[in-house]
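Below: the structure, in structure tokens.
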């Protein structure tokens, strides 16, 4: 039986540091063997299948859970609004820590790569699937996580990260360097993948289907490239062409998402937040989202939101707050958004029951996957790549229309009325203002993918969002999250170097690829 070594042991030590005891062995103990404290009845090295499930669960929870970091993106991009606690809606509070990414999912992925690479461990690791395929999955997930970290904070530890006790103070890499590294990892992962071998165990995304993982790598390369559409066209086109060469998601059946179980102990985080105590009713669709969908008679409105239980009696129809509250009738039900970005006393002039809470599709679907990228997003990227650089075989308009169709189908909406919807001037593709056409519809299609939607709004500048009326400190809509005080306490020189390079540690500080509005 193997003893924990290297990073795995350091991880256990760190996790239980609060109750650890340093034991000094005296000369009289020299006759003990190195296995004296090994319990022969306990597992001493975690199977990589367990590490994979844990990494996927941790990263998905952090990135796509309304109770995790995703709430910032959903609120900042005005997909949702708060009725009770409006601090985030007003940009009050700028700091959040990325340490949970590193100490959780990313650390497990690092172990998967190490255990499948080192000669002493790779044979045992292969019990969970082919070594190279496991490494490929870990690299794809690493790339996704680091792209999300740098999208959210800007410069961050990357090349020197995850070294444990060997480096407590990793340098912060520039955002472009992180993306270049992620792009290289996605390309490498594509070359490592071999289909037709024993499935990878512990995979809650594709159940070990490596052909699907290869398409995920290609699709994330499309996203990575398009992030730099405004700032580095060569990098953008190279990544997009590399992704197309690998292959990309080609239907909603191939959407990449974490698969939850069918009971309360392994429920979707949306189900968990709204059906298990404290039974949240503080999140509603924002007036921005409801009014956009309602004005266009978009059939996704009843999917995203619940009907209101009461319609508010307005106090003053000339007041800006009340002008934003617009009830819409759909199939005999009424929908209305929470006016966004007001002090709590104002926001609560409308009761939660008078706004459209998050729809049953999300809150009542116990095993709803958390999607990291969908077929609809891939098609929107192809529309933009065609419009900007002539990449792809179809027309930009064809890709755009297909992306909207894919979004409808993802939510089980009949496409019988699609042509009528697409013919509306506010929806029809406009090549002269393609950023607006794509930006607005992508924003809708990415509902419940808040961080990604926020990133796309920053890049494209659409939809045209207005800042919170009661914004704290007269802030504009945030462009990033700020580093926490702990980073200054523990890694001052490196965090200061990053701030100097980026030009500040404010919500308003733009990251390298941020070139929208």
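Report the calculated FRET efficiency for residue 320 and residue 475 (r = Cβ-Cβ distance, R0 = 30 Å), to the nearest 0.05.
0.95
Which whole-number percent is the relative contact order of the stretch 196-347 (Cα, under 8 Å, 6+ apart)?
Result for the stretch 196-347 is 16 percent.
What's the FRET efficiency of residue 198 with residue 50 using the Cβ-Cβ distance as r and R₀ = 22 Å, to the nearest 0.05? List each step's numbers first, then the result.
Values: r = 17 Å, r/R0 = 0.77.
For residue 198 and residue 50, the calculated efficiency is 0.80.
To the nearest µm²/s, what D does Stokes-Einstein give for the chain at 20 °C and 1.002 mPa s, using the Kirkwood radius over alpha carbon pairs as Rh?
The Stokes-Einstein estimate is 88 µm²/s.
Under the definition of Cα pairs under 8 Å and six or more residues apart, what whole-number percent is the relative contact order of the chain?
Over the chain, the number comes to 20 percent.
For a Förster distance of 30 Å, can you work out the FRET efficiency between the beta-carbons of residue 99 and residue 360, rounded to the nearest 0.05?
The computed FRET efficiency comes out at 0.30.
Give me the one-decimal nm value for the distance between modelled label points at residue 416 and residue 241, 7 Å along each residue's Cα-to-Cβ direction.
Between residue 416 and residue 241, the label points sit 4.6 nm apart.
Hey, fewest Cβ within 10 Å first, where do 457, 322 land in order? Intermediate results must be reported in sequence, preceding the final value.
Working: 457 27, 322 16.
Least to most surrounded, the residues fall as 322, 457.
First check a/c for the stretch 269-363, with a ≥ b ≥ c the square roots of the eigenvalues of its C-alpha gyration tensor; if it is under 1.5, answer rounded, and if not, answer prolate when a/b is larger than b/c or oblate otherwise.
oblate
With runs of 4+ DSSP H residues as the only contributors, calculate the mean residue ellipticity of the chain at 222 nm using -39,500 (n - 2.57) per run, divided by the residue total and rounded to the nearest 500.
Numbers: 21 runs with 232 residues, N = 517.
Here the helix-only value at 222 nm equals -13500 deg cm²/dmol.
Say each of residue 344 and residue 409 gets a label point 7 Å from the Cα, pointing the same way as Cα to Cβ; how far apart are those two points in nm?
4.6 nm
In whole angstrom, note down how far apart the Cα centers of the stretch 443-490 and the stretch 49-121 are.
Computed from Cα coordinates, the inter-centre distance equals 16 Å.
Report the gain in length on full extension from residue 250 to residue 123: 0.36 nm times residue separation, minus Cα-Cα distance, nm rounded to one decimal. Spell out each step's value before the answer.
Working: separation 127, 0.36 × 127 = 45.72 nm, distance 3.47 nm.
Length difference between fully extended and current span is 42.2 nm.
Run the numbers for residue 281 and residue 191: contour at 0.36 nm per residue of separation, minus the present Cα-Cα distance, in nm. Write out the running numbers ahead of the final one.
On the way: separation 90, 0.36 × 90 = 32.40 nm, distance 4.66 nm.
So the extension gain works out to 27.7 nm.
Coordinate-derived values only; no laboratory data. Every value quoted in this text rests on a predicted model; they were computed, and no experiment measured them. Heads up, the Cβs are rebuilt from the backbone with ideal geometry, glycines too, and the neighbour counts pull from every protein chain shown.
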